[in-house]
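Notes for the one structure printed next.
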Amino acid sequence: MLLSSSTSGDNIDEESLERLSIHYPFNRLSRDARELYLETTSISRISVPTPLEFYRDYVSKNKPVIITNALNDWPALSKWSNSYLREQLHDTRVTIDITPDGLGDAVKKHKYFVTPLEEKMKFNDFMDIIEGKDDRKEIVYCQHQNSSFMTEFEKLHGDISELKWVKEAFGQQSPDAVNIWIGTAKSVSSLHHDPYENLYGVIQGRKYFTLYPPTDLYWLNQQMFKKAHYERLTTEQRIIDDNGMDLRDGSQFVIVPDTDQSLVPWFDHELDIDTDYLNPLNVVVEKGELLYLPSLWFHRVSQITTTIAVNFWYDMQYDLKWNYYQFMNEIIKQRRQNSPLE
């Protein structure tokens, strides 16, 4: 397949000038990806594929897709109302992420990568906050990702099941993790990516994803940030860091830098990353739909109402795709040191 080009003298001169730019290889990478394989306006929606079709047309191509009727056999679709979950789980203690503003695992003050405060609470107490029956100001999100559904929600295991065609497509391997997500419009997952093949099913509500392919890494302006976490603010805590920065976030939380001082590659959500070379794909996943989110795709996730979802993480294949991504990542790190993205 030939990529589009122009033969006029003016355009040749313009392209020659573009080639002199230090950004040119990454301009070309994003443009070629857009022309060769990306869906840039809407995501495909398909019925349940065969394992071969799923692997051949989507997994092997690292291409996202929504499967519209994949969850029809799950009792959870009809059962999982708030009242049902309360009845089944009531005093079961579950891990809840707590933040002052709903942004979990996010960059704060342009300096720190901050993870949420984690607390165990009774499920019905969590639901009281979700439903507005508890007037606390903090934002709670059930999103603990260490296979939380399997370890903390045993009473719901009979309501969902692993999808046989997915398991067969991945060579009969079991998922590395099965997670449950319960949150309101105030909860947002900041831009990130995962080294997993992600099958994300919405059971109640709807989810909004903004997706970027791995080839957009350069333009997303990933940077290194110091690790930190939230704690509740007390009079004994340090509120100023070594550089004089105020570590308080709101009236109830303080950012606590981790002692190991290691750095995390992440994206500052307060910085504008809009460029002509990004390839965003805005996706709405409705109740009963399943999103296949390929490994290494960057994604930001939100919802506009209380939403319940379950996802399966399958280990990605560390093959040539991973080699190319790591190669690109190292080149970008080197380029950033010499010439930051303007």
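The values are calculated or read from the model by the stated rules, or taken from the named source; none is laboratory data. Keep in mind it's a predicted model, so treat the numbers as computed, not measured. Virtual Cβ from ideal backbone geometry, glycine too; neighbours counted across all protein chains shown. We work out accessible area using only protein heavy atoms, side chains counted, and drop any ligands, DNA or RNA first. Shrake-Rupley method; radii C 1.70, N 1.55, O 1.52, S 1.80 Å.
What the table shows:
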{"item": "Residue among 291, 271, 296 that is crowded, with 17+ Cβ neighbours inside 10 Å and out of contact with any strand residue (DSSP E or B) (no Cβ under 6 Å at 6 or more places or on another chain)", "result": "296"}
{"item": "Members of segment 71-83 found to be part of a loop (DSSP other than H, G, I, E, B), under 30 Å from residue 115 (Cα atoms) and open to solvent by 40 Å² or more (accessible area, probe 1.4 Å), listed by number", "result": "81"}
{"item": "Enumeration of residues in segment 206-222 that are open to solvent by 10 Å² or more (accessible area, probe 1.4 Å) and in contact with a strand residue (DSSP E or B) (Cβ under 7 Å, 6 or more places away or on another chain)", "result": "206, 208, 210, 212, 222"}
{"item": "Condition met for residue 331 (hydrophobic (A, V, I, L, M, F, W, C) and farther than 21 Å from residue 212 by Cβ)", "result": "no"}
{"item": "Residue that is surrounded by the most Cβ atoms within 10 Å (Cβ to Cβ) [pool: residues in segment 84-101 that are over 30 Å from residue 263 (Cβ atoms) and of a type outside the set (A, V, I, L, M, F, W, C)]", "result": "92"}
{"item": "Segment 102-157, residues that are of a type in the set (Lys, Arg), open to solvent by 40 Å² or more (accessible area, probe 1.4 Å) and part of a loop (DSSP other than H, G, I, E, B)", "result": "109, 133, 136, 137"}
{"item": "Segment 38-70, residues that are open to solvent by less than 80 Å² (accessible area, probe 1.4 Å), closer than 30 Å to residue 319 by Cα and over 20 Å from the mean Cα position of the chain (by Cα)", "result": "46, 47, 48, 49, 50, 51, 53, 54, 57, 60, 68, 70"}
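One line per residue, one yes/no per condition, for (1) part of a strand (DSSP E or B); (2) under 30 Å from residue 66 (Cβ atoms); (3) of a type in the set (Asp, Glu):
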site: 255; (1), (2), (3): yes, no, no
site: 259; (1), (2), (3): no, no, no
site: 264; (1), (2), (3): yes, no, no
site: 276; (1), (2), (3): no, yes, yes
site: 279; (1), (2), (3): no, yes, no
site: 283; (1), (2), (3): yes, yes, no
site: 287; (1), (2), (3): no, yes, no
